[in-house]
Structure formats: C-alpha cells, structure tokens
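Take a look at the structure set out below.
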Amino acid sequence: MGMKYTEEDLKEELKTKEYEFGFTTDIESDRAPNGINEDIIRFISAKKEEPEWLLEYRLNALKVWQKMVEPEWAHVTYEKPKFQDISYYSAPKKKKELKSLDEVDPEILKTMARLGISLEEQKKLTGVAVDFVIDSVSVATSFKEKLGELGIIFCSFSEAVKEHPELVQKYLGTVVPTGDNFYAALNSAVFSDGSFCYIPKGVRCPMELSTYFRINDSGTGQFERTLVIADEGSYVSYLEGCTAPQRDENQLHAAVVELIALDNAEIKYSTVQNWYPGDKNGKGGVFNFVTKRGICYKNSKISWTQVETGSAITWKYPSCILKGDNSIGEFYSVAVTNNYQMADTGTKMIHIGKNTKSTIISKGISAGNSHNSYRGLVKIGKGATNARNFSQCDSLLMTDRCGAHTYPYIECENSTAQLEHEATTSKIGEDQVFYCKQRGISEERAISLIVNGYAKEVLNKLPMEFAVEAQKLLEISLENSVG
Amino acid sequence: MSKTIINIKNLHASVDGKAILKGINLEVKAGEVHAIMGPNGSGKSTLSSVLAGREEFEVTDGEVDYLGLDLLELEPEERAWEGLFLAFQYPVEIPGVSNMNFLKTALAEKAKHKGLEPVSSKDFLKLVKEKSQLVELSDKLKNRSVNEGFSGGEKKRNEIFQMAMLEPKLSILDETDSGLDIDALRIVANGVNTLKNAENATIVITHYQRLLDYIIPDFVHVLHDGKIIKTGDKTLALELEERGYDWLVKDLV
C-alpha cells in the first residue's frame, strides 16, 4: 500500500540530492561552511533566530578571540586545530519535534544502552529528566511539565534565549567572561547550543537534571554553552555525561559551563566524560578544551564531581569563585588516561569571602603511554579571613611508560588561612593483582576492583545511577592496561 | 586408598636466575595435613608461591599433578577455581574494596567459570555469617576494606575466613602463625581444623613447632636448600623444636 513511486517522490528525491551537495550558505542549510569569520557568526545567529544583543555578544567575542593566541602552558602536546577548517554549526537532519522519548532515534538509544543506561530505564527507574544535545541541537526534553509546576526552567540554551532572554542576558558571561581564555572566547563567538537551568528561590529540585551529549556529524566542532542558575535558597543536582562514536579525525570540543549559586543555594554538578580518546596508537580522538566555573554567593555551595576517561586531549579546570562569606567549593575528580591520551586537569578555588571553605580530591590514573597532570590553584584573597582548604592529589600508575604530574599552586594573601595539601603517587601493586587472582578473580576484574577502590572517595560523590556507569567506564577504559 | 590431591615431582624453580627449589618431591592425599618446616631461606615460601602460580618464579624442571590437572599449565586464577588456596604470609591491603565485595566477586568469578549460577545475596550473607563465626571475625572487619588497617592477627584471621568461604580442596598456609599471639593462634588453628575433612588437604608451612600443637600434622617434612631432606610424623616437629635443624644438615654431609 502506498509504495508506488510518484512524481512527488521524484521531486522529493531531487530536493534531497541538492541538499546533499550542499548550498551551505543557505539559511535552510543544516551545516555552516568551514571557517570562522563575521559572516559565519551572523549565519549561526540568524539560523538560531537570536536577538540583536546576542549577535553583538558573539561578534564582540570573535574580535576578542582573533586577538588571542592558543595557550601552551598545559602539559599536553597536540597538533593545533585548524580553526578555518572546522564547520561551526550543524543541526540534525530535519526532525519533527519530539513529544515523547519513544520518538527518539534508535541509534541514540543504542549508544545509551552501551553506557548501560537506556532511556526507558531512566524514565522508569530514576525519574531523571533528560535533555539531549545531539550535534548541538536539542531534540528531546522530558519531565518539563513536572519541573514547570515548580517554576524550574530546564531547556536547551537556544530555547532559553527565546523564552527567557532576560535571565540569559543577565547571567551569560558573568562567571566566564568572553576574554577569559582562548577557548572560552571561541565558544562565546560560535556556541551552538547547550543547556539552561534556572531553579527559583527556595525550590529544591526534586530530581537529578541530566544532559547527555554526543558528537555525530564528521568534522563538526562542538561548542556547548551551559548556564545553571540556582536562585536564593534553592538546590539542584545536575548531571552531564557524554559519549562520542569512533572516528579518525580529531574533533574540537570547547565548552563553557557557568554556574551561579545565589545566597544559600547549592549546586551539585556531576560529569562523566568519555569522548572518543583516539585509537591505541594515539590516532584521532576528541580535543576537549573546557572552561567550567561557578560563583558562590553568601552561604552557598558548589560541588564539582567529574569522572574523565575520554578525549585525546583534556584541558579542564572546573573552578569555584567563593565570593560570598561562608561559601563552600568542592572538587572531586577521577581522571583516567590510557594509550596516548593526555589530560591536564584540576581546579581553581578562589577564596574571596570570609570563612570560605574548599575541598579538592583528585585521583589520577595513568596507563599505557599516557600523561596525566593535576593542575590546581588555591587562592586566598586579602579579605578571605579564616579561609580553609584541604587538597589531596593522588596518582596511580598502571605501567612504567606513563606519567603522572602534579602542579599545585597556592597564593595566599591572608595569614588566617589554613591550607592542607597531601599528595601520593603509587604504582598498581602486582601483589594486589596476584592476591586477587589467587582468590579466583581474573586480572581484568582485579584491576577494576582495585581502581574502583582507589577512586571510591570520588565515585561516592556521584548520584547512584551515575556511579554505576562511571565504574563501568573505568573498567572499559583500563582493559588490558597493567604492565 | 584416599585420592591424591597433589603430586609434586622433582620440582625445580628459580628466581632471577638463582635456583631456589632443587628437586621437591611431595605427594599429598585427601584428608591429610602436611607440615613443611625448615630454616629461613630454605625455599618454603618459594614452594607456596610456585604452587599458587606467582609469575616471578620460573619453573625450570619437574611436574605437578593437581587433581589430574597439569598445575603448572594453569593461570593463578584457574588454580583458585580448581580449589587451590594460599593463605598469604603477608596478606595484601586493597584500599576502598570492601571485604564483602571482594569475596562476592571471587565467588561469582569461580561460579562463572564452573558454569554455575552465582550465589544469591541471601545465601552469600548466610555463608558469611556462618563462616565468620569460625574465626570470630567481627561485622566491622567484614565490611572494612580488604585488610586495610587490620592488625597482624586480624589479617591472618581474615585469610582463614576467606579460605572458609572459598572451600578449597588444597589449602596452603604460608607462615600463618607468624605475628600471632597465642589467642589468635588458637582461633586460626581452630578454623583450620574445623574446615578439615576427608575430601580436602592442607599444607602448613611454618618455621616453628608452636602451630603444630594446634594443627596436628600427619607428616612433617624438613626443607633445606630447596630439597626435602627428612620426612617424619608429628614427633619430628618436636625433635626439631628441641634440637634445631643443624643436626639434620650435618647428617647430609
């Protein structure tokens, strides 16, 4: 029935073919031509039907970016991306709006299933509201109504620009200014989409808010922009996880995440990151240059927890500006590198207010020929009376060929501060592995047990369902890695 | 005739090119307890390591039949699945991994490779309750990370607890008495004796006769310079306690 090939079909097909060969400057196009200049910025902004102020924001960022140079201080080496060879915008092929998760592409569901979390399960078991970012455009948002009743806004960034421009305009770029660093400036010029979240005064968000990212289209840079605002006395736990399918060429990923915790608010931000790390010989893999920062006002708290297993290059320092008195910043991190991966990650805790407290627990795991660096700054400002920091940076080496590096910086301008720093480096014990084997635990399981034990302090900070996924990731990332 | 659990023939092994075991012959049958004694450096711990399959030891000659299997061809974990258990002289600490999770994983892996259903959580807990009483292991210790922060005695009791959970065919106790006070020694020995039956066997490696007051051996072997130089019954142990090892060594010359 209805399978007859008609003239209409032919027309349709020709249209699609045309599409395929690309009239890419056409506003109807799904993909921007390669390169970055004022026209491209205007294209992106027009494509997204953005207000004038946002176009101006982007154009200004482009100007700032063009005057900056790519930083070289991190302990990573890579061939610098050719910024003019990247397409800065791509949307998924024409898709109708999805009302229910059942309408989601089965391919996406498959990727989710590989992570051990299917959408059905999520919906049923965990009550997590999921907002997908597939190649920069959100295609599914759920639990919106329920959140809406509480006045919580959780949507794609583009949607927020349309529906809540006053909030976006008020807070965008206030924590990570345009000129903060090279990648942040680039992101500010070309960001495609991302997530937006606002929790109203006194509201405790009843569920974990969750966003899954993945990269789809070959040669498309990802420039996510995330803004989370917790109004006075509110609470939110936000989960971010990403997977990228295998690919050969390097992919640039330069996200910016800004968190704002107003007086007495609390934000818990958890990430599991497993972008494609490249193959065994170090070919391919995602370049992950991320700027994540939060600002704490009076009595508020921001807690970053991250499990980083992916990307060829990771450059990431989730930080807290402890501006308000009695505010608290926390950073819990497990970073795994294998094969030829390189990670330079850590945090900055900037103490400005009185009685501010920060905790840093960093667990690096290096395998293969990889390099894993912790880089952190604890800064105590003049007015930060009675500030306290505890830092613990542990490194676990799986082979003789990998490297672990620690670069802790401290700047203290107030003598009442109390700072503690602990650091250890250990090699995974052959004795431990043998002990497990003697009890009948195979080497692979033994390593996963030992590594998960080592990372437990951090994994415990993750929401339950995320912790399970993270454990699996550690296991997969470290297969056959002792030697 | 009871069945042979392990039969070691002319076993030679070296570490870093240095010969340590120089022709061990030993047959252990079901229901038997064998004690291996000897001075420091005689090769006692090397023997247990080689039997358990530690990689840094190279077997240069000889063969070991274990329940009809060529033991030396098996990976350490395969030996464990076949019921070989080594109570370590120095039990290893694994921070962040609870004792319970560790044992549950061990049991699950064994079941998997034996093609059996994994033990249910309910049965597992029942088993834990039953077996931990054997060595008077407290709930607190059961739930702590494997051996982390355990005293010397607690570590050894934990080894016997694991042994009880895994129900081995052949248990090798490597200097289990070292570092134990008399009460702990009694608890450990009581555990071992309770687990002993007509189907399994035990090799007790020890420096001192003391443990053998509690775990009565059927045979006592004296190891010297990588060879068993004398075999006797439990009275040999008492004789060694009294006279030391020198008289035996002199006899050799």
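The values are calculated or read from the model by the stated rules, or taken from the named source; none is laboratory data. Quick caveat: nothing in here was measured; it's all calculated off a predicted structure. Methodologically, a virtual Cβ is constructed for each residue, glycine included, from the backbone with ideal geometry; neighbour enumeration extends over all protein chains shown. Heads up: the accessible areas ignore ligands, DNA and RNA and are worked out on the full protein's heavy atoms, side chains in. Shrake-Rupley method; radii C 1.70, N 1.55, O 1.52, S 1.80 Å.
Here are the numbers:
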item: Degrees separating the helix B:99-113 axis from the principal Cα axis of chain B, which is the longest one; result: 80 degrees
item: Nearest-ten-degree value, helix B:234-243 long axis tilted from longest Cα axis of chain B; result: 60 degrees
item: With eigenvalues of the C-alpha gyration tensor scaled by 5 and rooted, segment A:136-477, Å; result: 31, 25, 19
item: Total accessible surface hidden between B and A, rounded to 100 Å², 1.4 Å probe; result: 2100 Å²
item: Solvent-accessible area of residue B:75 with every protein chain in place, 1.4 Å probe, in Å² to the nearest 10; result: 90 Å²
item: Crossing angle, helix B:152-166 versus chain B [Cα axis fit, 0-90 degrees, rounded to tens]; result: 80 degrees
item: Partner chain coverage, peptide B:191-200 - average Cβ within 10 angstrom; result: 0
item: With DNA, RNA and ligands ignored, accessible area of residue B:194 (1.4 Å probe; Å², nearest 10); result: 80 Å²
item: For residues of A:451-463, the mean tally of beta carbons on other chains within 10 Å; result: 2
item: Accessible surface ranking that places the most exposed of B:81, A:304 first, with a 1.4 angstrom probe; result: B:81, A:304
item: Estimated dipole of segment B:4-252 in Debye, rounded to 20 [Cβ of Lys and Arg +1, of Asp and Glu -1, Cα centre]; result: 640 debye
item: Kirkwood Rh and Cα Rg combined as Rg over Rh, evaluated for segment A:219-374; result: 1.02
item: Residue A:472 accessible area, 1.4 Å probe, all protein chains in place, Å² to nearest 10; result: 90 Å²
item: Gain on full stretching of the segment that runs from residue A:415 to residue A:390 - 0.36 nm per residue minus C-alpha separation; result: 7.4 nm
item: Distance violations [Cα-Cα > 24 Å] among A:82/A:283; B:3/B:250; A:298/A:382; B:3/B:114; result: B:3/B:250
item: List A:405, A:253, ordered by accessible area with a 1.4 Å probe, largest first; result: A:405, A:253
item: Vicinal HN-Hα couplings computed from phi for segment A:394-405 (Karplus, 6.51 cos²θ - 1.76 cosθ + 1.60; Hz; Gly/Pro x); result: 10, 10, 10, 9, 9, 9, 8, 9, 8, x, 10, 9
item: Per-residue mean of C-beta atoms belonging to partner chains within 10 Å, peptide B:84-92; result: 3
item: Over 22 Å between alpha carbons, listed pairs B:44/B:140; B:156/B:227; B:18/B:169; A:162/A:268; B:44/B:155; result: B:44/B:140; B:156/B:227; B:18/B:169; A:162/A:268
item: Solvent-accessible area lost in complex, 40 Å² minimum, residues of segment B:53-80 relative to chain alone, 1.4 Å; result: B:54, B:76, B:77
item: Heavy-atom accessible area order for A:352, A:428, largest first, 1.4 Å probe; result: A:352, A:428
item: Highest-fluctuation residue, B:156, B:110, B:140 considered, GNM on chain B with Cα pairs under 10 Å; result: B:140
item: Spatial separation of Cα centroids for segment B:1-21 and segment B:112-172, in angstrom; result: 28 Å
item: Gyration tensor over alpha-carbon atoms, segment B:4-252, equivalent ellipsoid semi-axes in Å; result: 30, 21, 16
item: Low-density loop positions, chymotrypsin sites (Phe, Trp or Tyr not before Pro), segment B:85-123 - DSSP coil, at most 12 other Cβ in 10 Å; result: none
